1. Please verify whether segment 32-44 includes one or more residues that are at pLDDT 85 or above, part of a loop (DSSP other than H, G, I, E, B) and under 18 Å from the mean Cα position of the chain (by Cα).
2. For residue 41, are the conditions met, namely being of a type in the set (Gly, Ala, Ser), at positive phi and surrounded by 18 or more Cβ atoms within 10 Å (Cβ to Cβ)?
3. Would you check which residues across segment 45-59 are more than 14 Å from residue 24 (Cα to Cα) and either at pLDDT 95 or above or charged (D, E, K, R) (or both) and list them?
4. Can you confirm whether segment 80-99 contains a residue that is surrounded by fewer than 12 Cβ atoms within 10 Å (Cβ to Cβ) and not assigned by TED's automatic domain parsing to the domain that holds residue 30?
5. Which of the residues belonging to segment 107-126 are in contact (Cβ under 8 Å) with a residue 40 or more places away in the chain and crowded, with 18+ Cβ neighbours inside 10 Å?
6. Looking at segment 71-94, is at least one residue among the basic types (Lys, Arg), part of a strand (DSSP E or B) and touching a helix residue (DSSP H, G or I) at 6+ places or on another chain (Cβ under 8 Å)?
Amino acid sequence: MDDIVLQAMAKWPDVPDCYGWLGLDSRGQWWMRDDSAQALGVFQSGLPGAKGSLLHHTKLIDFIQRNYEPDALGCWYFQNGPQRVYIELEVTPHIWRIEDDFAVTSHTGASATVHKSLVDEYGKLYLHTTLGLGLVHTLDVQRAAQALEMARWTLEDAVADELPDQYGYVMSPQKTKNGIQQA
């Protein structure tokens, strides 16, 4: 976590958490969700406009990714100075990119070691790694298939709706404010 963030947290310890305003999509892109976007539906809905506005500012994206982590309940957030900004996940907390040598990197730039790979009932490919579970970026599925063919990774079947509970992450922290699941 950035030093400036740690200093802000110490200076202002009681800033309320922020929910619903930031989302991570299945391609590792960040979306700002204003009131209008939130009124259109949940981030995961796929409804036009519900994702919000795609972030393009490179320094802001880098700042988010350096300060991105889970809380004890598996809700992912980014620490924005003294405030936790909880993330709505379209699919998983990580989106994996795979290099030619089969090295795996999160959308945040962090490297990971693969424990196993999973395929769900829709054909989506996930990797369980030293950093947790993530979806393989669509541009890298062919490279992942090569790794599987070469027996570098083991493949298991999975059920998409069961992955958050199995791997300890929360898709919509807004529904779990104060640690209580809300309807």
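The values are calculated or read from the model by the stated rules, or taken from the named source; none is laboratory data. Computed from a predicted structure; not experimentally measured. No Cβ is skipped: glycine too gets one built from the backbone with ideal geometry, and neighbour counts run over all protein chains shown.
1. Step one: filter segment 32-44 for residues at pLDDT 85 or above, giving 32-44.
From what is left, the residues that are part of a loop (DSSP other than H, G, I, E, B) are 33-34, 41-42.
Then drop every residue that is not under 18 Å from the mean Cα position of the chain (by Cα), which leaves 33, 42.
Yes, segment 32-44 contains a residue that is at pLDDT 85 or above, part of a loop (DSSP other than H, G, I, E, B) and under 18 Å from the mean Cα position of the chain (by Cα).
2. Values: of a type in the set (Gly, Ala, Ser): yes; at positive phi: yes; surrounded by 18 or more Cβ atoms within 10 Å (Cβ to Cβ): no.
In short, no.
3. Here is the first cut: in segment 45-59, the residues more than 14 Å from residue 24 (Cα to Cα) are 47-49, 57-59.
Correct list: 57, 58, 59.
4. The first filter runs over segment 80-99 and keeps only residues surrounded by fewer than 12 Cβ atoms within 10 Å (Cβ to Cβ), leaving 99.
With not assigned by TED's automatic domain parsing to the domain that holds residue 30 added as a condition, the list becomes 99.
Within segment 80-99, one or more residues are surrounded by fewer than 12 Cβ atoms within 10 Å (Cβ to Cβ) and not assigned by TED's automatic domain parsing to the domain that holds residue 30.
5. Narrowing segment 107-126 to residues in contact (Cβ under 8 Å) with a residue 40 or more places away in the chain: 107-109, 116, 118, 120.
Within segment 107-126, 107, 108, 118 qualify.
6. Of the residues in segment 71-94, the ones among the basic types (Lys, Arg) are 84.
Still in the list and also part of a strand (DSSP E or B): 84.
In the following step, the residues that additionally are touching a helix residue (DSSP H, G or I) at 6+ places or on another chain (Cβ under 8 Å) were identified as none.
For segment 71-94, residues among the basic types (Lys, Arg), part of a strand (DSSP E or B) and touching a helix residue (DSSP H, G or I) at 6+ places or on another chain (Cβ under 8 Å): absent.
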